[in-house]
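Every number here is computed from the coordinates shown, using simple stated rules; none is lab data. Bear in mind the structure is a predicted one, so any value in this text is a computation, not a measurement. Virtual Cβ from ideal backbone geometry, glycine too; neighbours counted across all protein chains shown.
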Amino acid sequence: MAMVSANDVFYCFLFLVFLAALLVHSLIKACFKLKPRSKVPPPPTPLSLPFLGHLHLIGPVLDKSLQGLARNHGPLMRLHLGASSCVIASSASVAREMLKTQELKFLSRPEFGSSDHFIYRGSRFIMSPYGDYWRFMKKLCMTRLLAVPQLERFLDVREEEVQRLVKSVIGSARSGKASDLSKELATFSNNVICRMVMSTRCSGTENDAKEIHELVKACIELAGKLSVGDVLGPLRWLDFSGNGKKLEAVLWEFDGMVERVMKEHEEKLINGSVAERKDLMDILLETHNDPTAEMKITRKDMKSFLLDIFMAGTDTTSVATQWAMAELINHPGAYKKLQDEINSVVGPTRLVRESDIPNLPYLRAVVKETLRLHSSAPIILRECGEDCSVNGYLVEAKTRVLINVYAIMRDPEMWTDPDEFAPERFLESSDEKIGEHQMEFKGQNFRYQPFGSGRRGCAGASLAMLVVHAAVGSLVQCFDWRMMEGQGAVDLSQGPGFTAEMAKPLVCYPVVHVDPFEPCH
């Protein structure tokens, strides 16, 4: 007779506890949510399995899995993922109904399992409920923190970091080494944000951005794992994996770093050595100390906001630039067309500048097309505030809503050849399905919303676009690229995760096309 190990007994016990907790959880919900049956039907749902729900239908890349399910079950459907449930929107018309027609009912964002372990819980701007705190911070972003005048004050910082990026890649090219653009662009975007946020490269060394990037990366990964853990329902509180404790440890490490920099800023203020230009931390401290401010923000609020800036801005910006370069390298005709445009407008003696962007329509089209195919935020998260009818179906209050931007921006009813990289579609009179060629990034055209839409659209979209345009323009202007041996084209597979990163690092051999730093120039 086979012996039963202690591990087998333990896992059987956990499974029974899970089933019991799930049953109790369901009974409690049923008892407290008794109400008259609505005449409006719930959204359709695929066949599910006991306890697992629809987990077996979800692959490692969430947005693609949801796109496939929507093709069979419609633009609004309901899914059960273990003990968690949500409603999925996958068309421009449904997104418009939620984000414009009934926007006030979908302004809050849901909490996930990771929220239980956030040391800044209650202070998170990005995930905070729609209310006084969120409105105050959004106004502060639009009028000061991320306003156009503030962005212009740090133009030289962004230009200097673009030069650092190009010089680093030139170094690889001169020595015949491959360049890992994934790492180069991560360092670049982190340095830009660190310097605009804190006027420092964090610790004052050449690897300043590395420490912040590692902490933020760890936060994103651990938060993602804990959020996926919502399928366990009430059992997620037990933190079987230990990821909750790991997340708290990483957050306290981040807190210590930000506290140190914050004290340095405060000491300069006390000593009267006011900075020539205020960075984001200066503005937050000024607001914190302002007795006339509409709302008093705490140190916890400030640290939480800075974490949101790093989490939302660093990886997303570098990932968008990587996708643009990958698509261009795989499409030599588009690469040559962009290189010729830059040469005719900018020339070979200086790098592309932000002031050149309005005169580079094909560059703008390349970035727009990249974000259509590879949005850095392919899923928009919202929570329904009250029972309402959407697309003829009932969406109940407190329901988690996932708007699949990936599916919307690849919808064949909205786009010609939706899976093809074709920047020309964003030039005048190209794609008749777009209807208007001047498509902006503000999400008002609901078939194109790489930064969300409405009041809760991305507050940092303008900064992201400045950084991405300048980086892509400079890398195309200065280099041609050779593939690694045995690699015919860049692998465009998408990896798992919430920032839609490339599955494999973008590593190629750079060949100098133009060197704007040569003395002869």
Taking 491-499, 304-312, 72-80, 509-517 and ranking on average Cβ neighbours within 10 Å, highest first, one gets 304-312, 72-80, 509-517, 491-499
Where labels lie 7 Å past Cα in the beta-carbon direction, separation of Arg260 and Lys296 in nm: 3.0
Compute the separation of the alpha-carbon centres of the range 249-309 and the range 327-344 and state it in Å as a whole number. 43
Could you give me the ³J(HN,Hα) list for the range 291-303, computed from phi with Karplus coefficients 6.51, -1.76, 1.60 and θ = phi - 60°, whole Hz, x at Gly and Pro? x, 9, 4, 4, 9, 7, 9, 9, 4, 4, 4, 5, 5
Quick check: net charge around Gly392, other residues with Cβ under 13 Å of its Cβ, Lys/Arg +1 and Asp/Glu -1? 0
Percent RCO, i.e. relative contact order, over the range 87-140, from Cα pairs under 8 Å lying at least 6 residues apart: 25
Taking r as the C-beta separation of Glu386 and Asp180 and R0 as 45 Å, the FRET efficiency to the nearest 0.05 is 0.40
Give, in whole angstrom and from largest to smallest, the semi-axes √(5λ) of the equivalent ellipsoid of the range 265-405, with λ running over the eigenvalues of the Cα gyration tensor. 37, 32, 12
Violations at 22 Å Cα threshold for listed pairs Lys167/Lys337; Lys105/Lys300; Lys246/Lys300; Lys246/Lys398 -> Lys167/Lys337; Lys105/Lys300; Lys246/Lys398
Please list, by residue number, every one of the trypsin sites (Lys or Arg not before Pro) in the range 285-328 that is coil in DSSP and has at most 14 other beta-carbon atoms within 10 Å. Lys296
Could the peptides 123-134, 257-268 be put in order, highest first, of the mean number of other beta-carbon atoms found within 10 Å of their residues? 123-134, 257-268
Residues Trp252 and Ser115, FRET efficiency given R0 of 22 Å [Cβ-Cβ distance, rounded to 0.05]: 0.85
Label zone at Met484 (point 7 Å along Cα-to-Cβ), backbone N below 15 Å, the range 161-178: 177-178
With label points set 7 Å from each Cα along the Cα-to-Cβ direction at Leu155 and Val512, the distance between them in nm comes to 2.9
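Report the trypsin sites (Lys or Arg not before Pro) located in the range 333-365 that are in a DSSP loop and have at most 14 other Cβ atoms inside 10 Å of their Cβ, or state none.
Numbers: sites: Lys336, Lys337, Arg350, Arg353, Arg364; in loops: Arg350, Arg353.
Those that pass, being in a loop and sparsely packed, are Arg350.
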Arg71 paired with Ser344, simple spin-label distance in nm, labels 7 Å along Cα-to-beta-carbon: 3.9
Which residues qualify? For Trp481, with a placed amide H closer than 5 Å and at least 5 residues away or on another chain, they are Val511
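If you filter the range 280-385 for GluC sites (Glu not before Pro), then keep DSSP loop positions with at most 15 other Cβ within 10 Å, what is left?
Values: sites: Glu286, Glu294, Glu327, Glu341, Glu354, Glu369, Glu383; in loops: Glu294.
Answer by residue number: Glu294.
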